[in-house]
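Since the structure comes first, as structure tokens, the remarks are kept for the end.
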Amino acid sequence: MYFDSVSSFLEMGGHGPYVWVCYAITVLVIAYNIWRPIRTRKVFIVDLKRRLRREARK
Amino acid sequence: MNWTWFHKLGSPKWFYEVTSKWMFWLALITVLLLVTGLVWGLAFAPADYQQGNSYRIIFVHVPVALLAQSCYIAMAIAGAVGLIWKMKLADMAAKVSAPIGASFTFLALLTGAIWGKPTWGTWWVWDARLTSMLLLLFLYFGYMALQAAFDNETTASKASSILALVGLVNIPIIKYSVEWWNTLHQPATLTFTSKPTMAPEMLVPLLISIVGFYCFFTLAFLMRLRAEVLIRENRTQWVKKLVQNDV
């Protein structure tokens, strides 16, 4: 570990806010890119299942 | 030469089945590389003697800025393949790349701005590198808007692929902007042709996180493309069967 304490790790010699905001936004962008296709897939499966059930009844 | 593989690649069903086996391992490798690269860069790499700790932003900034451009090139090539060979899967690949590329471009611009404040004393300057990256973001937005503007998927793909190919001109401009113009942005951190100027304690975590972000792009791209394949093939037997077996 380069830093000698947790507080100096968080502070980063005064650059803490800049560094941590960058990493937080990065995590959000990564999460969005994973969540989006999972959601698209789920919605599609629910819709298609409904359609197939409707077609089966006819 | 045997071209059957090329035709197979154009088959959405074949693509879906093959990638099903990859997803878990790709996700695992991505998590391992990203966590290693970013934790190393944040906590273990030494501080920069000029920039202090603010330079730790590059472990995100450099990989996503590289990816923003690679993704655009991939999108334009996929678009061209779709135009020339009328390959459905290539059209879908181009379409799903755009939002991922846009999100990386946005992240590159934002992390650059946040790094610029403590380093240059300003969030934004209209220098060649920053402006051409902003143009890349607008190209992605334009591509997505054009893609959404048509009801017919084939027409949408044709129009947006042509836009992507025209916009390709911006990529060398981004790359050489720091050499052609006197920019505030520093020259390339990494080059293939010369020895790295960076200390290995910083270079190694940077390379790991670059590979990690490329894996992440592949993962996000495959996830989106697989969902897109299901949607476009919703009338086929194999998709119906797959959905019915999904509990």
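What follows is calculated from the coordinates using simple rules that are stated; it is not laboratory data. From a predicted model like this one, the values you see are computed outputs, not experimental measurements. Positions of Cβ are backbone-derived with ideal geometry, glycine not excepted, and every protein chain shown enters the neighbour counts.
Spin-label pair B:ALA188-B:TYR176: with each label point 7 Å from Cα along the Cα-Cβ axis, the two points sit 1.2 nm from one another.
Among the chymotrypsin sites (Phe, Trp or Tyr not before Pro) in the stretch B:1-98, those located in a DSSP loop and surrounded by at most 12 other Cβ atoms within 10 Å of their own Cβ are B:TRP3, B:TYR49. Of A:PRO37, A:VAL19, A:LEU48, which is farthest along the charge dipole of the stretch A:13-57 in the positive direction, counting Lys and Arg as +1 and Asp and Glu as -1 at C-beta? Farthest towards the positive pole: A:LEU48.
As a quick test, which of the pairs B:LYS175/B:LYS195; A:LYS58/B:LYS240; B:LYS88/B:LYS241; A:LYS58/B:LYS95; B:LYS158/B:LYS241 have an alpha carbon distance above 24 angstrom in this structure? Present the calculation step by step, with values, prior to reporting the outcome.
Working: B:LYS175/B:LYS195 18 Å; A:LYS58/B:LYS240 17 Å; B:LYS88/B:LYS241 21 Å; A:LYS58/B:LYS95 36 Å; B:LYS158/B:LYS241 31 Å.
Pairs exceeding the cut-off: A:LYS58/B:LYS95; B:LYS158/B:LYS241.
Counting only DSSP H runs of at least 4 residues, each contributing -39500 (n - 2.57), and dividing by the residue count of the protein assembly as shown, the helix-based mean residue ellipticity at 222 nm comes to -26500 deg cm²/dmol. Here the Karplus relation 6.51 cos²θ - 1.76 cosθ + 1.60, evaluated at θ = phi - 60°, turns the backbone of the stretch B:101-110 into coupling constants of x, 4, 5, 6, 5, 4, 5, 5, 5, 5 Hz, with x for every Gly and Pro. Placing pseudo-labels 7 Å out from each Cα toward the beta carbon at B:TRP124 and A:TRP35 gives an inter-label distance of 2.5 nm.
A simple rule links phi to the HN-Hα coupling: the Karplus curve 6.51 cos²θ - 1.76 cosθ + 1.60 with θ = phi - 60°, which for the stretch B:206-215 gives 5, 5, 4, 6, 4, 4, x, 5, 5, 5 Hz, with x for Gly and Pro. Note on A:ALA24 and B:ALA27: their simple-model spin labels are 2.7 nm apart, each label 7 Å out from Cα toward Cβ.
What the Cα atoms of the protein assembly as shown give is an Rg and a Dmax of 21.6, 74 Å.
How do A:MET1, B:MET133, B:MET23, B:MET92 rank when sorted from fewest to most other Cβ atoms within 10 Å of their own Cβ?
Numbers: A:MET1 8, B:MET133 21, B:MET23 13, B:MET92 25.
Ranked by crowding around the Cβ, least crowded first: A:MET1, B:MET23, B:MET133, B:MET92.
Within the same chain, aspartates and glutamates fewer than 8 places from A:LYS42 are excluded, and of the rest, those with a Cα less than 13 Å from its Cα are B:GLU228, B:ASP246. When the alpha carbon gyration tensor of chain B is reduced to an equivalent ellipsoid, its three semi-axes come out at 36, 23, 15 angstrom, largest first.
Taking the Cβ-Cβ separation of B:ILE73 and B:SER20 as r and a Förster radius of 35 Å, what is the calculated FRET efficiency to the nearest 0.05? So, using R0 = 35 Å, E works out to roughly 0.85.
In the stretch B:175-217, which chymotrypsin sites (Phe, Trp or Tyr not before Pro) fall in coil by DSSP and have 10 or fewer other Cβ atoms within 10 Å?
Answer in residue order: B:PHE192.
For the stretch A:13-57, the alpha-carbon coordinates run over 68, 9, 6 Å along the three principal axes, in decreasing order.
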